Amino acid sequence: MRTPSGPRAARIRAGLPSAGSGRARQCDPRGAPSTRRTGGMAFRQALQLAACGLAGGSAAVLLSAVAVGKPRGGGDADVRAPEPPAWTEGAQPGPSLWDSNWDRREPLSLINLRKRNVESGEAELASRLDHYKAKATRHIFLIRHSQYHVDGALEEDCTLTPLGREQAELTGLRLASLGLKFNKIIHSSMTRAVETTDIISKHLPDVSRVSTDLLREGAPIEPDPPVSHWKPEAVQYYEDGARIEAAFRNYIHRADTEQEEDSYEIFICHANVIRYIVCRALQFPPEGWLRLSLNNGSITHLVIRPSGRVALRTLGDTGFMPPNMITRS
């Protein structure tokens, strides 16, 4: 069988219709030719354009430019992603990859393999691994404080509004109705969070409570995309971000090895803190925290399994409130 040569063969190899064929191949992205050696989506799009009947010379230039992978403006035209703050170093895994040791409690990471007894071998290693494995599941309920007076001159003046107090009552009733044995309440030391906790605690009288400054409101990390109506100074991200990240590392992790039964813990704090914690716990880019929205008095439920896997049961639930009582201030 003769092998075509000349211009016609070049057009066939490029996937273009032969001259004089009378019609071009149908342009269907789903049926476009594919190759294992593509450099990404841009290369496949170039192949589709070629298959749709670009002139031979233009197609060849386009394919060669994409294959090289260089922008027209040269290497200096590359858009460089901003570097994350220094305190987030090592906190984010690669894209689309789950970091099993995100809380630094993966059993194998807790064993000093250098001290391993070579004589006892695998049996000893298995026993030590079992010792460091978590046994229980942690249920984390993140509650945003209720509506408050935003025009207070001092933080102490930012007390709950009458509607905010009603919202807290409904949130407390909702938590009590779940019939769970809550272990503790940890709340922000800011006035609006303390008052929200006071009201919710009336419906959970046997649950101990602890106040902490780590959960105070702040600017966790510069959001992407940015917003025009809220632009904190860079120093605020530097100060608040490290504190809120510390709150995440201190409170959000798999159960301790000594914990035998599943636990149910309530954290009453602020929208920015909760949104950042959710992104970090799910290993989503933390810069996206401002894309989430939370109502006042809402309930967000995170589950952390003994394996370290994390699931989001609910995000900002206020379905237990009448529509006319739902706010986001």
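The values are calculated or read from the model by the stated rules, or taken from the named source; none is laboratory data. Bear in mind that the values here come from a model prediction, so they are computed numbers and not experimental data. Cβ sites come from the backbone with ideal geometry, for glycine too, and all protein chains shown count toward neighbours. Heavy atoms of the whole protein, side chains included, go into the accessibility calculation; ligands, DNA and RNA do not. Shrake-Rupley method; radii C 1.70, N 1.55, O 1.52, S 1.80 Å.
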* To do: Take the residues in region 256-273 that are closer than 27 Å to Lys135 by Cβ and buried (at least 21 other Cβ atoms within 10 Å of the Cβ), then tell me which one is nearest to the chain's Cα centre (by Cα).
  => Phe267
* To do: Please give the number of the condition Ala234 fails out of (1) at pLDDT 95 or above; (2) open to solvent by 40 Å² or more (accessible area, probe 1.4 Å); (3) over 13 Å from the mean Cα position of the chain (by Cα); (4) among the hydrophobic types (A, V, I, L, M, F, W, C).
  => (1)
* Asked: Taking region 310-327 as the search range and keeping residues that are free of Cβ contacts under 8 Å to residues at least 40 places away in the same chain and part of a loop (DSSP other than H, G, I, E, B), which one is farthest from Tyr276 (Cα to Cα)?
  -> Pro322
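In region 250-275, how many are β-branched (Val, Ile, Thr) and under 18 Å from Arg309 (Cβ atoms)?
Matching residues across region 250-275 total 2.
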* Structure fact -> Residues of region 138-172 being part of a helix (DSSP H, G or I), out of contact with any Phe, Trp or Tyr (no Cβ under 9 Å at 6 or more places or on another chain) and open to solvent by 40 Å² or more (accessible area, probe 1.4 Å), in sequence order, are Glu155, Glu156, Asp157, Pro162, Leu163, Arg165, Glu166, Glu169
* Report, by residue number, each residue of region 173-194 that is open to solvent by less than 40 Å² (accessible area, probe 1.4 Å) and touching a helix residue (DSSP H, G or I) at 6+ places or on another chain (Cβ under 9 Å). => Leu175, Phe182, Ile185, Ile186, His187, Ser188, Met190, Thr191, Arg192
* Test Gly288 against the stated conditions and say whether it is more than 24 Å from Met190 (Cα to Cα) and part of a loop (DSSP other than H, G, I, E, B). => no
